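Student: The structure under discussion is supplied below as structure tokens; questions concerning it will follow.
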Amino acid sequence: MKMPYPCSILPRSFPFPIARSDPGRESLRKARCSTMGSKALRLVCIIVFTAAFPAAARRDTFKQEMRFGAEAAQRGLWREAAFRWEKILKNDPDNARAHNNLAVAYESLGQFDRARKEYEIARRLAPDSKEIRNNYESFLEFCKLIKGCGAEPEATPGPGALAPSPSPTPGSAEPSPSESPGGPPFGA
């Protein structure tokens, strides 16, 4: 059976076929049309709210990127993890946790200067965070062991604290890593 009215959105058998002689037929048509209008209105409202509040969608994206970066890091895919955390920092540059995670990724990739920079930003943004402080201290200890990370920023006061010195300081027994071509092996 075909429904004669174009705005009908009810199933064809709802609740039973209506005879042509039924006097309530017009009111049912109006009810169906108003139902269709309210559904269209709901759809428009959903579209408007989705467009008006994109922050909720960004928050989900942020969580997904953080989770994906952490999963990549756990699998040893440090470049992928670094990419994800860099992407987060483009939208949220004051996220201390993302800076810390990115520093760990750079450290694992052997990019120690970049790791130091990210750790320092993370420490500045969240000075009371134990996790960031512990990671940074572990990084500094690691740098002392391999002697390839440069001087500690706290040890060298002044504006050029992060700049490497061009020549060895008088009285130092070991040459700087830039002077010895191979450098000491790890752990020696």
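Student: Restricting the first residue to region 62-83 and requiring it to be touching a residue at least 12 places away in the same chain (Cβ under 8 Å), which pairs with a second residue that is among the polar types (S, T, N, Q) and buried (at least 16 other Cβ atoms within 10 Å of the Cβ) meet a Cβ separation below 7 Å and a spacing of at least six or different chains?
Tutor: Sorted first by the residue in region 62-83, then by its partner, the pairs are GLY69/ASN101.
Student: Oh, and also: Can you pull out the residues in region 73-130 that are under 24 Å from GLY148 (Cβ atoms) and outside any helix (DSSP H, G or I)?
Tutor: Those that are under 24 Å from GLY148 (Cβ atoms) and outside any helix (DSSP H, G or I): GLY76, LEU77, GLY110, GLN111.
Student: Within the group ARG133, ARG79, ARG123, which residue is modelled with pLDDT of 95 or more and farther than 24 Å from GLU65 by Cβ?
Tutor: From the options ARG133, ARG79, ARG123, the qualifying one is ARG133.
Student: Continuing with the same structure: Could you tell me how many of the residues in region 74-91 are closer than 14 Å to LYS63 by Cα and buried (at least 19 other Cβ atoms within 10 Å of the Cβ)?
Tutor: The number of residues fulfilling the criteria is 4.
The values are calculated or read from the model by the stated rules, or taken from the named source; none is laboratory data. Just so it is clear, the structure is predicted and the values come from calculations on it, not from any experiment. Counting neighbours? That spans all protein chains shown, and the Cβs are built from the backbone with ideal geometry, glycine included.
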